[in-house]
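Below: one structure, written as structure tokens.
Every number here is computed from the coordinates shown, using simple stated rules; none is lab data. This one's a predicted model, so the numbers in the text were calculated from it and none came from an experiment. With ideal geometry, Cβ positions are generated from the backbone for all residues, glycine too; neighbour counts draw on all protein chains shown.
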Amino acid sequence: MIWTPFLYVDTQDNQTVIQDYIMNTQACDFQTQMQVVQNFISHFYNQNLPEADRIFVHHFPNKLYEEFVWMSRDGKGIDSCQEKILLFDIFTFIFRNANLLMDSESQPFIEFFLKFIESRDISGYNPDALIYSIMICVSYYPNKVKFIEENGMFNFYFNFIKINGNLAHKFWIMCEDIYELDRDRNTKLSVTKLNKCQRQIMTTSVPKTDEECARLLFTVFKMFKRQRLLNVISFDVNRFYAITVSIFDDHIHKYKNSLLIVHLQKIWGGILNRRKNSFQIDLFKKLKVFAALFSINISNKLKKDLSGSVKFEVTNKIKQKLYIIYLTLVAFPVIDHQTDTWLVNVLIELHMSFQEYLQNYLFKDLPFESQFIIIKYYIKSHMTINLDISSHDSDIINGFLHRILLYPTLSNIY
């Protein structure tokens, strides 16, 4: 006899497994409930039958469900390996496809998973299929927010990636997808939860021994900047700077255009412009680090303009970065740049980028104030780094100074 709920399930074998599942989910024996769930998963894992998937969550064993609720709420028993592995299997099964992506009965299993993954002892579990299921799960925007607020990627990293570098590439693809929230979407993130997340990552991050954790921290802060949250997030800016310097010192010699350096340029541009910014550039080391970061940043922007992809504009943030670079050039004679040869290299690269920009006459499209800021920097750069002035450079500089002399109002202002 075919039961009504199974009319859309195609084979007799499938119907038999479903009948057995529904009958045994009410069993008093806890082990029987666990076994019947595992049997259902094993049988249907490689099949795509929406009706069977809905039956799985709708008729999920009450006793087992209540056990997951209790373990998640009190944190007790999460170290139980058997229940934990079963929960991971359930999550992987539910989100192996998008059939239950927006089903309300699938949502608690996301919360169970995010709670269970906080436990650090999940040795022996293969996370490959888990990554695939997470990617499907977070394709639904509210689920992505849950993973962010519960620090899902941080816990996933320490459970699986830190001990298994083979999956690092997949992990970072997943990470970038989760934290790349749509800036124009009205996303209501819990600041309280985000503060807890960043503190947890920052206090754990030891760049000298675990650079990947620092990378995760920068990925989170890149999201803060993109979502305009840096003004409301409460974080230890000095600790963040210390982590920045550790990564910077390791990368600037070899990978100055690495993603970590690129992220840091953008993040610090946001941090220095917070409404209540307490961070001060009061040491030569700080001045050198930010001059290098911002030189690379502006140089990349000029190259994009020269390629025709993005027009270079002297925004308030660009002005601030040029002022920091200019201050570095002023302090250059007393800075120990012999030990940090990278500083000279990035300053020369920025100068050459501006030189090419000026040679292509793109400079003339900028407002006069922007031109003045660039010329002021450019002359100081020539004098400090001791580069030869080309005939074209002379024409540009002399032409600009001549314009100031011709217009008294400009002369009074500048």
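Compare the Cα positions of L216, T328, M202 along the charge dipole of the chain (+1 at Cβ of Lys, Arg; -1 at Cβ of Asp, Glu; about the Cα centre) and return the one farthest towards the positive end.
T328
Taking the mean number of other Cβ atoms within 10 Å as a proxy for protection, how do you rank 347-356, 294-303 from highest to lowest?
294-303, 347-356
Between L49 and residues 5 or more places away or on another chain, which pairs have amide H atoms under 5 Å apart, with H built 1.01 Å from N, and which residues are they?
Correct list: empty.
If contacts are Cα pairs under 8 angstrom and at least 6 residues apart, what is the relative contact order of region 6-179 in percent?
Relative contact order, region 6-179: 18 percent.
From the phi of every residue in region 150-163, what ³J(HN,Hα) in whole Hz does the Karplus formula 6.51 cos²θ - 1.76 cosθ + 1.60 yield, where θ is phi - 60° and glycine or proline is x?
9, 6, x, 6, 4, 5, 4, 4, 6, 7, 10, 7, 4, 9
Students often get this wrong, so try it: which of (i) 25.2; (ii) 22.5; (iii) 27.9 is Kirkwood radius over Cα pairs in Å as calculated from the structure shown?
(i)
Using θ = phi - 60° and the Karplus curve 6.51 cos²θ - 1.76 cosθ + 1.60, what whole-Hz ³J(HN,Hα) does each residue of region 169-183 get, with Gly and Pro shown as x?
Using θ = phi - 60°, the values come out as 4, 5, 4, 6, 5, 4, 4, 4, 5, 5, 8, 8, 6, 5, 5 Hz.
If you line up the long axis of helix 237-251 against the longest principal axis of the chain, both from Cα atoms, how many degrees apart are they, to the nearest 10?
Relative to the chain, helix 237-251 is tipped by roughly 80 degrees.
How would C81, C175, C137, C28 line up from fewest to most surrounding beta-carbon atoms within 10 angstrom?
Neighbour counts put them in this order, fewest first: C28, C81, C175, C137.
Rounded to the nearest 500, what is the 222 nm mean residue ellipticity of the chain from helices alone, with -39500 (n - 2.57) per DSSP H run of 4+ residues and division by all residues?
-20500 deg cm²/dmol
Going through the cross-link list K170/K222; K162/K276; K162/K321; K188/K286; K146/K301, which pairs have a Cα-Cα distance over 31 Å in this structure?
K162/K276; K162/K321; K188/K286; K146/K301
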